[in-house]
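What follows is one structure encoded as C-alpha cells, with my remarks underneath.
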Amino acid sequence: MTALKEEMFRLFDRPDFSFKKLKEQYPPEEVAMIKDQFKKEWCVWKRVQINVSNQLPLGLFAKTHIESWTNGWNIREHFWASYRLAVLAEANPCIGVMLDRKQLKVYLMLQHYRSDHRHGTPAEFNLLLTAIPEWSPGKGISDWYLWDQLEMKLDPQISLHDYLNDRDQRDQFDQRATKSTFMLGKFAFRDRDCGINMESFIEQAIGELVPLYQKLI
C-alpha cells in the first residue's frame, strides 16, 4: 500500500517549473534539493504505477507509459502515466492517471499530443458520450467528473451526477466537448482524500473505466 500524501501535492505548489528560472531564483544547493524532492516523489509515483500494472488482468493492457519527472528544460507541473488496452496500443484513446497540486485523477481521454502517429479520431471517441448513461449504474457518481480537452487547464468540470440528471447541463457540455474531446475521470482530492491507498484507487478506477473504453474496439 502506498498512501496518497500531502508531500506529493506540495511538490507542485510553485510558480515556476523551468530549470532556467529556478537557477535564477535559488542558489545551486536549493535547486539541487528541489530536484531531489521531485525525483524522490516521482520514484514513489513510478512504483505505484508498476504495482497497479502488475495487478491488472494479464494481457489486457499494453506496457504502461510512465512520463518522466522532467522534459529536460522543466520539472513537470504534474506526474502522469497512461494505460492502453493491448488491442488499442497504437490508438489515441487511453486511460490517463495524473497527480497535480489539486487532485489525483484517473480518466478516459483521447491523447492529442502526437495524435498523427496513432489512429482514432476525436469524432469516433466522442461517440462514447452516448454510452455514459448505460455505463454509469453502480458507479459512485459523486466521485466522477467530466471536462473537455480545450478547457482542461481551467478546471470547469461537471459532476457525473449533474451530467446524468440535468439534461440542459448535459446538452451544453456535449456541445462544448465535441469541439475537441471529452474526458471522464474519478477524482481523489488533496483537501479530502490524503491517506487513501493509491494503488487501490487507481486500479479500481481503471477497472470501472474498462467497459466504456472497450467500446472503442
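The values are calculated or read from the model by the stated rules, or taken from the named source; none is laboratory data. Bear in mind the structure is a predicted one, so any value in this text is a computation, not a measurement. Cβ placement follows ideal geometry from the backbone for every residue including glycine, while neighbour counts extend to all protein chains displayed. Just so you know, the surface numbers come from the protein's heavy atoms only, side chains and all, with ligands and any DNA or RNA stripped out. Shrake-Rupley method; radii C 1.70, N 1.55, O 1.52, S 1.80 Å.
Ranking SER200, CYS43, PHE125 by how far each Cα lies toward the positive end of the dipole of the chain (charges on Cβ) leaves CYS43 at the top. GNM remark for the chain: springs join alpha carbons under 10 Å apart, and the peak mean-square fluctuation among ILE206, ILE34, ILE50 falls on ILE34. For the chain, the longest principal axis of the C-alpha atoms and the axis of helix 167-177 are separated by about 60°. For the chain, the relative contact order is 25 percent, taking Cα pairs closer than 8 Å that sit 6 or more residues apart in sequence and dividing their mean separation by the residue count. For the range 12-89, the spread of Cα coordinates along the three principal axes comes to 48, 20, 18 Å, biggest extent given first.
Distance distribution P(r), the range 91-217, all Cα-Cα pairs, bin width 5 angstrom from 0: 2, 10, 22, 25, 21, 14, 5, 1 percent. A Gaussian network model of the chain, with springs between Cα atoms under 10 Å, assigns the largest mean-square fluctuation among GLN172, GLN149, GLN204 to GLN172. Of all aspartates and glutamates in the structure, those lying under 16 Å Cα to Cα from LYS21, and not within fewer than 8 positions of it along the same chain, are ASP13, GLU29, GLU30, GLU77. Across all Cα pairs in the range 3-216, the calculated P(r) in 5 Å bins from zero up to the longest distance comes to 1, 6, 14, 18, 18, 17, 12, 7, 3, 2, 0, 0 percent per bin.
Residues whose amide H falls under 5 Å from that of ALA62, counting only those 5 or more places apart or on a different chain, are ARG84, LEU85, ALA86, with hydrogens built in the peptide plane.
Computed over protein heavy atoms with a 1.4 Å probe, the accessible surface of the chain works out to 52 Å² per residue. Here the Kirkwood formula puts the hydrodynamic radius of the range 1-56 at 12.9 Å, using every distinct Cα pair.
Relative to the longest principal axis of the Cα atoms of the chain, helix 198-213 runs at roughly 30 degrees. The share of accessible area on the chain that comes from carbon and sulfur is 50 percent, using a 1.4 angstrom probe. Legend: distances between Cα atoms for LYS102/LYS179; LYS40/LYS102; LYS5/LYS63; LYS5/LYS186; LYS102/LYS215; LYS5/LYS139; pairs beyond 22 Å are LYS102/LYS179; LYS5/LYS63; LYS102/LYS215; LYS5/LYS139. Taking the chain as a Gaussian network of alpha-carbon nodes connected by springs under 10 Å, the highest mean-square fluctuation of the residues TYR83, TYR163, TYR26 belongs to TYR26.
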